[in-house]
1. Here are 215, 204, 230, 222: which of them is open to solvent by less than 10 Å² (accessible area, probe 1.4 Å), over 18 Å from residue 157 (Cα atoms) and out of contact with any Gly (no Cβ under 7 Å at 6 or more places or on another chain)?
2. Please specify each residue of the range 329-345 satisfying the condition of being within 28 Å of the chain's Cα centre (by Cα) and open to solvent by less than 70 Å² (accessible area, probe 1.4 Å).
3. When you scan the range 213-275 for strands (runs of 3 or more DSSP E) that lie fully inside it, which ones turn up with 1 or more residues that are closer than 16 Å to residue 365 by Cβ and not aliphatic (A, V, I, L, M)?
4. Return the residues of the range 233-244 that are open to solvent by less than 60 Å² (accessible area, probe 1.4 Å) and not small (Gly, Ala, Ser); say none if nothing qualifies.
5. Only one of 93, 58 is within 12 Å of residue 207 (Cβ to Cβ) and open to solvent by 30 Å² or more (accessible area, probe 1.4 Å); which?
6. Mind listing whichever residues of the range 285-328 are surrounded by fewer than 15 Cβ atoms within 10 Å (Cβ to Cβ), modelled with pLDDT under 90 and within 32 Å of the chain's Cα centre (by Cα)?
7. Given (1) touching a helix residue (DSSP H, G or I) at 6+ places or on another chain (Cβ under 8 Å); (2) assigned to a helix (DSSP H, G or I); (3) surrounded by fewer than 19 Cβ atoms within 10 Å (Cβ to Cβ), identify the lone condition not met by residue 180.
Amino acid sequence: MADNESRKSWVSVRNLTKTYQTRRGEITALRGVSLDVVAGEILVLLGPSGCGKTTLLRCVAGLEHPTSGEINVHGNTVYSSDDGILVPPEKRRLSMVFQSYALWPHMTVFQNIAYPLKISKVKDAEIRERVRGVLEIAGLEKFATNYPGQLSGGQQQRVALARALIANDGLILFDEPLSNLDAKVRERLRDELLAMQQKFAFTALYVTHDQVEAAALGNRIAVMDVGQIAQLGSPAEIYNAPKSHHVADFVGCTNEFAGTVVSVQERMVQVDTQIGRVLGESSSTTLRTGQPVRVMFRPENCRVVNGNGSGGANTFAAKVERSIFLGSHVEYQLTVAGQRVVLRSMDGELLQTGSDVNFNVDPVLARMFAEA
């Protein structure tokens, strides 16, 4: 793919707003959202229920009518409140994979996959060739004559994905497609989806509330909060450098404490908390002495250290209340000055329940957020 092609925006959303009228008044599901989905990437919309991620996806698909703003797909305006444009879903040149699979129960696997080509009046010989190719890639050759009711959930979702791929328009929307599957099937299908994406180089806008799924699939993640994009970036940026309390709290597990700023030196801030004084990096350049903040650090960023608890910044004395072996790591529940702290360690040796330990948090990995 040429470099200029790789930067081409296949979906462009500008200042999109969506409001609903209910018996209790007006509800705003989207608040001036703007984003671009670049050709060849998977952009994941991540957030809790009610944050607006599915509404945004459905607006792009044409299944919801926005209140204002603009949407471009494949370089063509499909919605514009200013220009009075509203292109119907079937003319937007995109495919969609639903949570419920949305397969025709009276059609075989072959017929379900072939359906988009049939309605586009593709010749039968070409349909047979293209469907056979997609069946092979999706590992569904031996199920071609089966009906959806004869397949497992994972197999049905592969059929839905194959049907989306067969249209070959290069853009697929995913609405929580793996949420109905058990953990092992989800993990396998994530890998298969990435393999298909690399082979077909399709572009995707993908909705999920699963953080692991978002990190595994997304080239970029847009974390949504009450109808707005709280942060847009790579999985590593979202996880390691959250820009708001909402993002830090939603993505991954954190230890969190209320505190008051006692000193500020550029981006490094000292805060008095229930567990003692914590030195960390501010998420904002506007924190000031005396300001109430939330201190957050992740369990895997805590490490057990030797010493008596006075070994420098962010070293705390704690007691082990519980240790849980989880295979890849051990999770410890500690108490520090009466407060609960979770620590995760990759070391195989278990700390004994009731033992006294010291742990440290790298100041660069402790984050400070202004109180809302």
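The values are calculated or read from the model by the stated rules, or taken from the named source; none is laboratory data. What you see is a predicted model; the values in this text were computed from it and never measured. All Cβ positions, even for glycine, are placed from backbone atoms using ideal geometry, and neighbour counts span all protein chains on display. Side chains are part of the model used for accessible areas, which takes the heavy atoms of the whole protein and leaves out ligands, DNA and RNA. Shrake-Rupley method; radii C 1.70, N 1.55, O 1.52, S 1.80 Å.
1. Exactly one of 215, 204, 230, 222 is open to solvent by less than 10 Å² (accessible area, probe 1.4 Å), over 18 Å from residue 157 (Cα atoms) and out of contact with any Gly (no Cβ under 7 Å at 6 or more places or on another chain), namely 222.
2. 329, 330, 331, 332, 333, 341, 342, 343, 345
3. Strands (runs of 3 or more DSSP E) meeting the threshold: 255-265, 268-273.
4. 235, 238, 242
5. Every option except 58 fails the conditions.
6. Listed by number, the residues that qualify are 285, 286, 324, 325, 326, 327, 328.
7. (2)
Each row is one residue, and each column tells you yes or no for (1) buried (at least 20 other Cβ atoms within 10 Å of the Cβ); (2) part of a loop (DSSP other than H, G, I, E, B); (3) modelled with pLDDT of 80 or more; (4) touching a strand residue (DSSP E or B) at 6+ places or on another chain (Cβ under 6 Å).
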position: 159; (1), (2), (3), (4): yes, no, yes, no
position: 174; (1), (2), (3), (4): yes, no, yes, yes
position: 187; (1), (2), (3), (4): no, no, yes, no
position: 194; (1), (2), (3), (4): no, no, yes, no
